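The structure appears right after this line, and notes come after that.
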Amino acid sequence: MNLKATPFLEIPLVKVDIQREEAADGSIRLRSRVELEAGPYRLTERLKYWAEHSPERTFIAQRNHQGEWDQLNYRDTYNQVCRLASFLQQTDVSLERPLAILSENSIEHGLMALAALHIGMPYSVVTAAYALRSTDYAKFRHVIETLTPGLIFGQNGRAFASAIAAVCPLVKVVAVNDPEPGNLLFSEISRTPVSPSIEDAYDQIKPETIAKILFTSGSTSVPKGVINTHGNISSNWRQITQTFPFFKNGGLILIDWLPWNHTFGGNHNFGLTLYNGGTLYIDAGNPTPAGLQLTLQNLREIAPTVYFNVPKGFEELVHYLKADSELCRFFFSRLQLLFYAGAGMPQHVWDALEQLAYDTTGKRLLISTGLGMTEASPSCMFNIHYGSFSGMLGTPVPGLEMKLVPTSTTLGNLKGKTEVRFRGPNLTPGYWRNPEATAKAFDEEGFYCTGDALKFVDKNNPNAGFIFDGRISEDFKLDTGTWVSVGVLRAKFITEAQGLIQDVVITGHDRPFVGAIVFPELNYCRRLAGLKVGTSLEQIVSNPVVLAALDDLLERFAKQSTGSSTLIKRAVFADFQLSMDKGEITDKGSINQRQVLANHPDLVEQIYADLH
């Protein structure tokens, strides 16, 4: 059977109608001819609306310690938000001293965030890993000193006590569980009488009022605090909902683990649920062996209408969907869209998802992604083309201007590449207390400079969309003067590996050929070599079967090469775990290529050793 000839489950989507203009400076301007619809800008206005019009509908749910779902409907959510907002007015939280949230996703976390938004006070979700998985608290200290919070919310008082004591001992803390001496109790502050003054504060909110400060992952420098205003986020909710109109009126039923300290989990998934009156079930799992078991338990009880995940999460899920027909049937029972973000999806994972959907329902599903960033609140582009392929980013959302700038005019060297820049209501006004970074982020016309390169799928048809063409700042030259497009090469190599490797760092700056430091997918490698769970990393990467698999990967990849810039000639397995303290890995789990190369010159020399 030719799967490509099988039908899709068709869903309502925005019309793709992209206007293209050539500018005198050589840049290309693109925008959707579909105008952005008007809508509210106060982020809790939709909460008030749903509390009135669908009061009994569940907004958010989370498993308790007994394994049952605690559910909060829209009416009770709004009432609790008003009480917590009244409490926040009695604290040191202000426009200059935001609320800092130290917590994994939780109902209480969501309520505290909405309470701050309801009275126009900014908040920031600080990556829990900075306080829990670090030993020197360097990034935690940087973030807290940049924020100067007036109050800290910590889901577990004891868990964060050491980091808070080391960095900000004088800031008051609200805790839900395991409070430390001096902590305020969430159970008590949530009973604060509602003050009439919260409505006055709500009325003072403007589109330019700062809603939240989201810190970048710090993959190339220290984390920067991205300002998202009420106008930024609300306009992006409208842009996304206009693109996928079936989200409206409770159309979103999500079971989701993506963390709210990132824009995809917090602005996109949590926020879209609120905007559209949907229901969000908090998944305590994640794409790790232990976390995946929690996710599977939840997916056996909650059938989503849309499933968001990172490619690694989908890759792990595919194995279980293939092995468990009942789980597969339930998972696809009301699913209308699969959406991945954070990285490129290997084509074999995409193909497996399409096959599973067809085998289960008789139709394929739209698999989508796009281009987004913290600075865009987060979405700029979406792929809404049926029968597409992995890596397709689609076209710009309504209300957003897109500019493609030849890199020869910006860097003077990367001939043939075009950097994408954006301007629109969802784009940040800048970085919190960092005017230098803000000035560097925008060009003379006010377009945000992404550093991403894109290329047309069809140069003669902008409606056909765009594909990713690498990060300009990561690219380098071989000693022959040949440019290497790191992002594109890395994505192709991971895809060709078909599960053998988790990630790769590309080497070759001023060297005669391209090499790679490869990070193995440990579970895959154990299964491949018949090794037991618990086998050490050193034993895995020195196993003859695993080494032979890497050699085979290099041979397969070489057959696709079109020259020295697309050929990975040698590769070595990394024999170390990535370190957050050393800056090798971000809190999102993505690799800081520059830092790995700087920290492990011995591995680089191993690749090029016999050339001296």
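Bear in mind these aren't lab numbers, they're just calculated from the coordinates by the rules spelled out. Remember, it's a predicted structure, so these values are computed and weren't measured experimentally. Virtual Cβ from ideal backbone geometry, glycine too; neighbours counted across all protein chains shown.
Find the all-direction average of the projected area of the Cα convex hull for the stretch 475-611, expressing the result in square nanometres with one decimal place.
Value for the stretch 475-611: 8.3 nm².
Report, to two decimal places, the Cα Rg of the stretch 198-320 normalised by 2.2 N^0.38 Å (N = number of residues).
Here the Cα radius of gyration is 1.20 times the empirical estimate.
Add +1 for every Lys or Arg and -1 for every Asp or Glu among the other residues with Cβ under 13 Å from the Cβ of T58, and state the total.
Combined, the nearby Lys, Arg, Asp and Glu give -1.
Which entry in (i) 0.95; (ii) 1.11; (iii) 1.17 matches Rg/Rh (Cα atoms, Kirkwood Rh) derived from the coordinates of this structure?
Checked against the structure: label (i).
Run the numbers on the stretch 45-205 and let me know its relative contact order in percent, using alpha-carbon pairs under 8 Å that are six or more apart.
For the stretch 45-205, the relative contact order is 23 percent.
Can you give me the C-alpha center-to-center distance between the stretch 133-154 and the stretch 444-484, rounded to a whole angstrom?
Distance between centres, Cα-based: 35 Å.
Evaluate the charge dipole of the stretch 475-611 about its Cα centre and quote only its size in Debye, nearest 20, assuming +1 on the Cβ of each Lys and Arg and -1 on the Cβ of each Asp and Glu.
380
Where does the charge balance sit around N267 when Lys and Arg score +1, Asp and Glu -1, over other residues with C-beta under 14 Å from its C-beta?
+1
Compute the convex hull volume of the Cα atoms of the stretch 156-270, divide it by the residue count, and report the result per residue in Å³ as a whole number.
Once divided by residue count, the hull of the stretch 156-270 is 195 Å³.
Along its principal axes, what span do the Cα atoms of the stretch 463-534 show, with the longest given first and each in whole Å?
Principal-axis extents of the stretch 463-534 (Cα, largest first): 45, 40, 16 Å.
Show which lysines lie in cross-link reach of K363 when reach means a straight Cα distance below 18 angstrom and same-chain residues fewer than eight apart are skipped.
K4, K322
Tell me which residues come under 5 Å, amide H to amide H, from K224 once H is placed; ignore anything under 5 positions away on its chain.
T216, G218
What number results when the radius of gyration of the stretch 289-343, computed over Cα atoms, is divided by 2.2 N^0.38 Å?
Output field value: 1.06.
Across 5 Å bins from 0, what is the distribution of all Cα-Cα pair distances for the stretch 5-117, in whole percents?
For the stretch 5-117, the binned pair fractions read 2, 9, 12, 13, 12, 11, 10, 10, 9, 6, 4, 1, 0 percent.
How high is the FRET efficiency from D510 to R191, r the C-beta distance, R0 45 Å, rounded to 0.05?
0.10
Based on the Kirkwood radius over alpha-carbon pairs, what is the Stokes-Einstein translational diffusion coefficient of the stretch 45-205 at 37 °C with 0.692 mPa s viscosity, in µm²/s?
202
If you average over every viewing direction, what projected area does the convex hull of the Cα atoms of the stretch 293-420 give, in nm²?
Mean projected area for the stretch 293-420: 9.6 nm², to one decimal.
Please state the charge dipole magnitude for the stretch 467-554, taken about the Cα centre, from unit charges on C-beta atoms (+1 on K and R, -1 on D and E), reported in debye and rounded to the nearest 20.
So the dipole magnitude of the stretch 467-554 works out to roughly 260 debye.
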